[in-house]
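Below: one structure, written as structure tokens.
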Amino acid sequence: MFGFLRTIISILFLVIVAIIIRKKLIKKKFIYIIIIIGFFLSSGTVTVFPIENVFYSFDSPQAVFKYYVGKGEINNVIYGKNSCMIVYSEFTPGIPMNKSYNKMIIPIKGNKYILPFAYGMKTVYDCGRFTIYTLLNSKDYYIYAFDWSENQTKEIHDNKGSKFIQIPIYTYVTDNNLKSTFSQFYAFIDNFSKNYCLTINGENYYIDK
């Protein structure tokens, strides 16, 4: 619905501009240029900034997901203080299990959920093994990590006491007849600060904020 509504708005703007130009309702050319620039600026604004937040909010993150993304399956919801992260999967042929996984951070306002800005999820740190995200203009931080492990991952924790959720993506049997599982892990980091440390199977990863 989110993308469909913006397509309709853009088409309406384009039709209005076309009518003005075709009917020659405006005599001065520079005003045409201003109208065309205004059209592109307006289209970009409604795409980046969800104007729906001015008029409406949602009762659940699932309702935001249905409106904003519209397709896919929610795998988990991780709650922060002023936001929550939705982890979801979509049918994608040609990759393991025919599923691709993605995430979005939804702002919370009071006891309601509102639409995120187009670039509201900011990457704070990325080392390839794990990534830390934050919601723009907030102090909520989330972590995504992954691991290959035989017989499931044995250990994952950080020095902030974060509660990690595990999503097994797929499992295959190695040449030694051992099962190896690829899993993704997500958590909300309370009071993220310098000297953050993540431990995966006994190996420590330190970062500076």
Worksheet item: Mind listing the Cα extents of the range 61-146 along all three principal axes, in Å, largest one first?
Response: 41, 32, 20
Response to the item:
Using the Kirkwood radius over Cα pairs of the range 61-207, the Stokes-Einstein translational diffusion coefficient at 25 °C and 0.890 mPa s, in µm²/s and rounded to a whole number, is 150 µm²/s
Item to complete: Work out how much length residue 176 to residue 67 would gain on full extension: take 0.36 nm times their residue separation and subtract the Cα-Cα distance, in nm to one decimal.
Response: 34.6 nm
Discussion item. My understanding is that a pair violates if its Cα-Cα distance is over 27 Å; which of 66/160; 122/163; 103/194; 71/160; 122/179 do that in this structure?
Written reply: 66/160; 71/160; 122/179
Item to complete: Compute the label zone of residue 164 within the range 104-120: residues whose backbone N is under 20 Å from the point 7 Å along Cα-to-Cβ.
Response: 104
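Just so you know, all these numbers are worked out from the coordinates, no wet-lab data involved. These numbers come from a predicted model, not from an experiment. Reconstructed Cβ throughout: ideal geometry from the backbone, glycine too, with neighbour counts over all protein chains shown.
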